[in-house]
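Asker: Structure below; questions to follow.
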Amino acid sequence: MTVTAPAVPAPPAVTAPPPVRLRDQLTTFRAVLWRDMFVTSRELGGFLAQVFLQPLFMLLIFGKVLKDLGYASDDFANVLLPGVIALNAFLIGLENTALPMVMDFSFTREIEDRLLSPMAIPLVAFEKIVFGAIRGLVAGLVLIPVGMLILGVTWPLSTLLPVIGVLAAGAMVGAALGLTFGTLVPPHRIQIMFTVTLTPLMFTGATQFPLRALDSLPWFQVVCAVNPLTYVSEATRSLVAPPGVQSVPLWLDLVVLAGVFVVFTAVGIRGFMRRAMD
């Protein structure tokens, strides 16, 4: 007589969790962004030191001391101030995206909490860009009245909103570069990367001179034209500088910035996803 074993019930089929709705992802995006902004308010002293220290010395030495000594003309302040403000928005956006990214992926591992949130990975990466850009925009805006006070420069009130828009675009581009650097550069080389790239970015970004004034130095003009910061400086300068200052047309600046933003955002998000999967 044969004995048949009792039938073992098949395990229940494993079903994938339902996809999170876009509305819920955007709600999570806003909540994460608000948390980052709240943390910034608790670190206000360090943030203000980062915002003011370097640009104030640039404005003081290049725009005030050299002018009083007779080495710079009175009109130089109209060229310098828009460039330094653009530089501040761009670099603060870059640094405040790249450095936290390195810390999150290598030391604090805080990024793991973000990846577990009900939000798509590309949206997690884009939140980093938006947060860095907000800090960059604030850094540019708070420098405007301070720079005007130091250099004795005034801008028409009607240029305020266009300047805010340009600085926001510049901060977004800087943050997109920061995402790319923070995800593609190994953590032990990030300090070297900043040392190698930040100084050339600062001095080839048309912050102390208009790009079109370099016609007699075509090789340096080409070098500056490759730098995305140049188009933030030129766009800001085209809005507020006197008519005698030649600048790259605003529409061309915005087209270049849009292209750079799309390219580096795509590269940065791809690098972010690769690091998140490791």
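The values are calculated or read from the model by the stated rules, or taken from the named source; none is laboratory data. Values in this document were obtained by computation on a predicted structure and should not be read as measured data. Because the Cβ atoms are built from the backbone with ideal geometry, glycine has one as well, and the counts that use them run over all protein chains shown. In case anyone asks, the SASA skips ligands and DNA or RNA and just uses the protein heavy atoms, side chains included. Shrake-Rupley method; radii C 1.70, N 1.55, O 1.52, S 1.80 Å.
Asker: Would you be so kind as to identify which of Ile192, Pro118, Met172 lies farthest towards the positive end of the dipole of the chain, taking Lys and Arg as +1 and Asp and Glu as -1 on Cβ and the Cα centre as origin?
Answerer: Positive-most Cα among the choices belongs to Pro118.
Asker: Further question on the same structure: Please determine, in degrees from 0 to 90 and to the nearest 10, the orientation of helix 121-151 with respect to the longest principal axis defined by the Cα atoms of the chain, where the helix direction is its Cα long axis.
Answerer: Taking Cα atoms only, the helix is inclined about 20 degrees.
Asker: If you don't mind, another one. By how many degrees, between 0 and 90 and to the nearest 10, does the Cα long axis of helix 250-277 differ from the longest principal axis of the chain?
Answerer: Once rounded, the angle reads 30 degrees.
Asker: Round to the nearest 10 and report in Å² the accessible area of Ile144, as given by a 1.4 Å probe over the protein chains' heavy atoms.
Answerer: 20 Å²
Asker: With unit charges on the beta carbon (Lys/Arg positive, Asp/Glu negative), name the residue among Leu211, Gln54, Leu94 whose Cα is farthest towards the positive pole of the charge dipole of the chain.
Answerer: Farthest towards the positive end: Leu94.
Asker: Of the heavy-atom accessible surface of the chain (probe 1.4 angstrom), what whole percent is carbon and sulfur?
Answerer: Details: 10430 of 14670 Å².
Solvent-exposed carbon and sulfur of the chain make up 71 percent of the total.
Asker: For the chain, what does the helix formula give at 222 nm: sum of -39500 (n - 2.57) over DSSP H segments with n ≥ 4, over the residue count, nearest 500 deg cm²/dmol? List each step's numbers first, then the result.
Answerer: Details: 10 runs with 192 residues, N = 278.
Mean residue ellipticity at 222 nm (helix-derived): -23500 deg cm²/dmol.
Asker: Let me ask something else. Over the chain, calculate the relative contact order: mean separation of alpha carbon pairs under 8 Å at least 6 apart, over the residue count, as a percent.
Answerer: Details: 364 pairs, mean separation 67.5, N = 278.
The normalised contact order for the chain reaches 24 percent.
Asker: Additional query: Could you tell me the calculated FRET efficiency between Thr195 and Ala49, based on Cβ-Cβ distance and R0 = 22 angstrom, to the nearest 0.05?
Answerer: Details: r = 20 Å, r/R0 = 0.90.
About 0.65, to the nearest 0.05.
Asker: Now for a different question. Sort Glu43, Glu95, Glu234 by accessible area with a 1.4 Å probe, largest first. Don't jump to the answer; show the numbers that get you there.
Answerer: On the way: Glu43 100, Glu95 40, Glu234 0 Å².
Ranked from most to least accessible, the order is Glu43, Glu95, Glu234.
Asker: What is the gain in length, in nm to one decimal, between Asp215 and Val130 on full extension, counting 0.36 nm per residue of separation less the C-alpha to C-alpha distance?
Answerer: On the way: separation 85, 0.36 × 85 = 30.60 nm, distance 3.61 nm.
Computed gain between Asp215 and Val130 is 27.0 nm.
Asker: Taking only Cα atoms, what is the 0 to 90° angle, nearest 10, from helix 44-58's long axis to the longest principal axis of the chain?
Answerer: It works out to around 30 degrees.
Asker: So, one more: Accessible area per residue, 1.4 Å probe, Å², for region 48-277: what's the number?
Answerer: On the way: 10210 Å² over 230 residues.
Solvent-accessible surface per residue comes out at 44 Å².
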